[in-house]
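Each remark here refers to the structure printed beneath this line.
The values are calculated or read from the model by the stated rules, or taken from the named source; none is laboratory data. Note that this is a predicted model, so its numbers are computed, not measured. No Cβ is skipped: glycine too gets one built from the backbone with ideal geometry, and neighbour counts run over all protein chains shown.
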Amino acid sequence: TFHGEERSPNLTAATASQFELAGDYLIGGLFDIHHENERLPREKPESITCSSRPFILSSYRRFQLMRFSVEEINNSTRLLPNVSLGYKILDLCSDTQNFPGVFSLIAGNRFLQPWNDSQRATSKMITVVGSYTSSATLSVAPLFMMDFFPMVSYGAASSVFSSKKKFPSFLRTVHPNKDVIEVVLAILQEFDWRWVSFLHINDDYGRDGRDLFIREIEHTEICLGYTKGLDQNTNYSQVFQQMQSVRIHVAIVFAPEWTAEALIKAAIKHKVTNKVWIAGDAWSLHKELPKENGIENIGTVLGIAEPKMAIPGFSDFIHSFKARSQQEEGMQERFCSQTCNCSSPTAEEIINTDPSFNFPVYSAVYAVAHALHAVLQCDTGSCNRNITADPHRVLKELWNSNFTLLNQRVQFDENGDPYFGSYAIVFWNETGDAERVGFYSYHPSNQFVINRTKIKWHGNGSVPRSVCSEECESGFAKELVGLHRCCFNCEKCQPGSYINSTANPYICSNCSKTEWSEEGSISCHQRVEDYMPFSHGGAVVIMLGALAFVGLAAAVSVLFFINYDTPVVKSAGGPMCFLILGCLSLSSVSIFFNFGKPTTAFCILQFLPFQFFFTVCLACFVVRSFQIVCIFKIAKKFPNILSWWMKYKGHWLVISVAFISQALLLIISYSTEPPNPHSDAELHPDKIIHQCGHNFNSILGPLLLKALLVILSFGFSYVGKDLPKNYNEAKAITFCLLLLIIIWIISITTHQLYSGKSVQVIYAMAVLCSIYSFLFWYFLPKCYIIMFQPQKNTQQYFQSLIRSYTKIVTQ
């Protein structure tokens with residue numbers, strides 16, 4: 001139980017008072033006609049004399065608007081035809097020192113007993129309208145919430161009141177902070193202002209607005225460079241210096257009019273210039289500030305305001321009230337039982353002052369009247385006075401509000417927030433008026449419109465810039481400087497990377513292995529796949545050359561077969577010639593696998609046939625070279641060697657050893673590390689070179705064996721270079737091997753100079769030249785003798801050559 005005075009020190013029983021009106025049902029009112037801006041230290045509980053505090057004319061206008069609304073409802077026979085509404089209004093000038101008045105407002109007698117049905121039955125109070133500030137509302141609202149007493153606020157915008165767990169009987173006709181922040185965000189995005197400050201009153205309302213703003217800009221390009229809570233002790237010089245040091249040109253001011261007044265006057269005093277000030281709905285329609293001397297120097301002021309809405313009959317009510325109050329001047333003390341000193345403003349001053357939050361007051365009173373209309377079942381033309389209009393019944397009908405007032409459909413959502421209304425965007429023009437330049441509507445869908453041409457910007461007249469860092473050029477990534485994502489240096493993306501400013505403007509993403517890019521790119525290009533296709537002209541010529549070789553080898557084999565018993569064929573090697581020609585033809589198979597996109601099979605067949613079969617060819621030439629030298633050089637000095645060679649068929653033995661050795665070496669090589677397709681993306685930035693990857697160590701054995709055979713063959717044939725002039729077997733082999741060495745020296749050198757598909761062409765050409773060198777310089781001369789010089793293809797001719805060589809040697 002809360003104990004209060006029989007009469008609140010801030011309320012009067014005098015019926016003539018502005019603060020009270022008798023009626024069948026009463027509406028409580030909480031208005032900060034005066035405002036306690038300084039919180040002085042106290043040592044004991046004490047009430048406050050509101051009249052000694054600064055008078056707020058705009059709040060006084062709202063106070064008079066509630067009185068007018070009740071009078072208008074009572075004068076109408078449509079809403080509450082046979083029921084009168086009254087009110088008790090408290091000048092709630094302090095968040096913490098008005099509780100006696102609040103208790104008296106709720107109880108109406110000596111005791112305040114929550115959940116007391118008898119007290120509820122005797123009290124005429126059904127709802128409280130107010131209060132204006134979020135801090136004051138947070139102080140008194142729990143007293144009403146504990147008994148589900150309806151509270152309809154016209155000014156408390158903090159988000160916390162949307163929580164129905166904490167404030168189950170709280171509704172409001174003013175848009176919550178999140179809606180105002182939504183409009184602020186739309187303005188910032190409209191003019192591309194990304195580097196801003198947020199100055200707010202240091203109370204629940206201001207801190208809630210700041211937190212909402214920070215949350216809303218989290219996923220945008222807007223950064224909060226500076227924020228400051230303002231109170232009566234704020235050092236404004238320091239605030240402006242801080243804003244200047246971080247180069248912020250846009251300030252959002254989320255504060256009531258008295259805090260905004262102090263801020264703007266300080267800005268004028270400290271000669272702050274070239275700023276954009278975005279005013280919240282609590283002070284954007286201020287009447288005196290736009291006319292303040294020097295206001296034009298601080299920059300441009302844009303504001304968010306409730307649309308100006310004329311309330312019919314209100315001006316007449318004020319004029320009538322002021323005329324009546326002058327006649328009753330002697331009753332001033334009783335009239336101002338709360339000693340508000342409110343008689344000084346003229347009717348015109350009250351009418352022309354800041355009209356902010358007037359429609360919320362008007363609609364709040366009408367919402368209560370419509371709820372009472374529903375509870376008392378007044379649809380039949382008269383109200384049922386036998387029904388008890390308990391506050392919780394009124395609350396239920398308040399939730400169901402759905403009526404039209406001044407062309408606005410008044411409804412509440414599930415949080416008790418208004419499901420109606422819009423905001424105007426205003427600009428403080430040079431005449432000192434808040435000129436409407438746009439609007440933001442919420443229902444049925446969000447719509448934002450602003451007329452830029454109506455705004456006269458400070459400076460050169462163009463839209464001011466407010467960024468921490470200018471946007472990077474195309475192809476540059478942002479490198480953050482400090483904590484804010486809006487402050488950065490620009491770094492050019494390196495080759496092989498690109499910047500996607502939409503996905504992540506802070507990182508140069510690497511291109512995939514199949515893509516490439518130049519320095520400072522915004523996208524990657526597909527790499528060209530570089531390999532020699534079968535359709536390429538060079539590939540076609542080489543493959544035709546290989547096919548021609550097979551054809552020529554076949555023709556030579558047929559010619560040799562027909563002339564098998566002739567001395568030329570026998571001296572060329574006899575049956576060994578067919579083995580050589582066959583192996584050379586099989587070696588040419590490697591050529592066809594140098595073209596097309598490499599696969600594992602292609603890589604194996606690109607080298608294996610040539611490595612294996614060409615080794616057999618070289619072994620044959622080793623044998624032929626040795627046989628020639630043996631016949632002419634060794635046989636006479638070492639007859640046993642020739643005898644052993646002929647008995648054990650040494651030529652086939654050597655060829656078999658070479659054959660088996662190379663087969664084993666290739667099996668080991670290809671088993672341990674077989675060649676595989678390899679895509680080289682490093683050599684050229686715009687190409688992927690498809691080639692076969694070989695480990696040199698794995699193929700070293702087969703290469704050394706081939707090299708050994710070449711050396712032996714070349715050595716034996718070189719020893720026989722002085723044989724009979726017309727008997728040129730050794731010379732032909734020497735020349736072929738010399739040509740082979742030159743071909744592969746050129747091939748290896750060229751391979752080091754060129755890359756890509758040229759490597760495949762070089763290798764294929766080397767193979768083709770190698771097999772053609774033996775065909776042209778070893779077999780074709782013999783074919784020429786067989787076909788065009790048959791006289792040299794006789795036994796007698798060959799024996800005469802040997803006899804002449806023997807005579808020369810013996811002389």
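Quick notes on this structure:
- Subset of the range 290-305 [touching a residue at least 40 places away in the same chain (Cβ under 8 Å) and either touching a helix residue (DSSP H, G or I) at 6+ places or on another chain (Cβ under 6 Å) or over 15 Å from SER356 (Cα atoms) (or both)]: PRO290, LYS291, ILE295, GLU296, GLY299, THR300, VAL301, LEU302, ILE304
- Pairs, first within 14 Å of VAL128 (Cα to Cα) in the range 377-397, second charged (D, E, K, R) and surrounded by fewer than 19 Cβ atoms within 10 Å (Cβ to Cβ), C-beta under 9 Å, six or more apart: ASP390/ARG120; PRO391/ARG120; PRO391/ASP147; HIS392/ARG120; HIS392/ASP147
- Verdict on GLN232 being surrounded by fewer than 16 Cβ atoms within 10 Å (Cβ to Cβ), part of a helix (DSSP H, G or I), assigned by TED's automatic domain parsing to the domain that holds ILE304 and of a type in the set (S, T, N, Q): no
- When the range 405-461 is limited to residues that are among the small types (Gly, Ala, Ser) and free of Cβ contacts under 8 Å to residues at least 24 places away in the same chain, the one that is nearest to ASN352 (Cα to Cα) turns out to be GLY438.
- Against the conditions (1) touching a residue at least 12 places away in the same chain (Cβ under 8 Å); (2) of a type in the set (Val, Ile, Thr); (3) farther than 20 Å from ALA663 by Cβ, VAL589 satisfies every one except (3).
- Restricting the range 506-540 to residues that are part of a helix (DSSP H, G or I) and loosely packed, with under 14 Cβ neighbours inside 10 Å, the residue that is farthest from the chain's Cα centre (by Cα): VAL540
- Wholly enclosed strands (runs of 3 or more DSSP E) of the range 136-206 bearing at least 2 residues in contact (Cβ under 8 Å) with a residue 60 or more places away in the chain and of a type outside the set (A, V, I, L, M): 170-172
- Verdict on ARG409 being outside the structural domain of THR300 (by TED's automatic domain parsing), in a strand (DSSP E or B) and under 26 Å from LYS178 (Cα atoms): yes
- Spans of helices (runs of 4 or more DSSP H) in the range 719-808 with at least 1 residues at pLDDT 80 or above and within 60 Å of the chain's Cα centre (by Cα): 729-753, 757-774
- All positions within the range 144-197 that are of a type in the set (Lys, Arg) and touching a Ser or Thr at 6+ places or on another chain (Cβ under 9 Å): ARG172, LYS178, ARG194
- Residue selected from the range 382-429 under the condition out of contact with any strand residue (DSSP E or B) (no Cβ under 9 Å at 6 or more places or on another chain) and aliphatic (A, V, I, L, M), by the criterion surrounded by the fewest Cβ atoms within 10 Å (Cβ to Cβ): ILE387
- Of all residues in the range 432-446, at least one satisfies being part of a loop (DSSP other than H, G, I, E, B), under 42 Å from the mean Cα position of the chain (by Cα) and either hydroxyl-bearing (Ser, Thr, Tyr) or under 21 Å from PHE68 (Cβ atoms) (or both).
- Of the helices (runs of 4 or more DSSP H) contained entirely in the range 541-598, not one carries at least 2 residues that are surrounded by fewer than 17 Cβ atoms within 10 Å (Cβ to Cβ) and of a type in the set (Val, Ile, Thr).
Per-residue answers, yes or no, for (1) over 27 Å from GLU36 (Cβ atoms); (2) not assigned by TED's automatic domain parsing to the domain that holds ASP95:
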{"position": "ALA141", "(1), (2)": "no, no"}
{"position": "MET145", "(1), (2)": "no, no"}
{"position": "PHE148", "(1), (2)": "yes, no"}
{"position": "VAL152", "(1), (2)": "no, no"}
{"position": "ALA157", "(1), (2)": "no, no"}
{"position": "LYS164", "(1), (2)": "yes, no"}
{"position": "PHE170", "(1), (2)": "no, no"}
{"position": "VAL183", "(1), (2)": "yes, yes"}
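- Filter result (modelled with pLDDT of 80 or more, more than 14 Å from LEU608 (Cα to Cα) and over 41 Å from the mean Cα position of the chain (by Cα)) within the range 662-704: THR672, LEU704
- Residues within the range 184-242 that are within 19 Å of SER134 (Cβ to Cβ) and of a type in the set (Asp, Glu), tallied: 6
- Scanning the range 244-267 for residues that are closer than 20 Å to PRO54 by Cβ and hydrophobic (A, V, I, L, M, F, W, C) yields VAL253, ALA255, TRP258, ALA260, ALA262, LEU263, ILE264, ALA266.
- Taken over the range 69-85, the criterion of being surrounded by 17 or more Cβ atoms within 10 Å (Cβ to Cβ) and either farther than 17 Å from HIS370 by Cβ or without any contact (Cβ under 8 Å) to a residue 12 or more places away in the chain (or both) is satisfied by no residue.
- Qualifying residue in the range 171-194 (condition: of a type in the set (Gly, Ala, Ser) and crowded, with 22+ Cβ neighbours inside 10 Å): no
- Scanning the range 675-690 for residues that are out of contact with any Phe, Trp or Tyr (no Cβ under 7 Å at 6 or more places or on another chain) and either outside the structural domain of ILE655 (by TED's automatic domain parsing) or surrounded by 15 or more Cβ atoms within 10 Å (Cβ to Cβ) (or both) returns PRO677, SER679, ASP680, ALA681, HIS684, LYS687, ILE688, ILE689.
- The set of residues from the range 513-532 being at pLDDT 85 or above and among the hydroxyl-bearing types (Ser, Thr, Tyr) comprises SER517, SER521, SER523.
- Of all residues in the range 145-164 being surrounded by fewer than 24 Cβ atoms within 10 Å (Cβ to Cβ) and over 21 Å from GLY209 (Cα atoms), the one that is farthest from the chain's Cα centre (by Cα): ASP147
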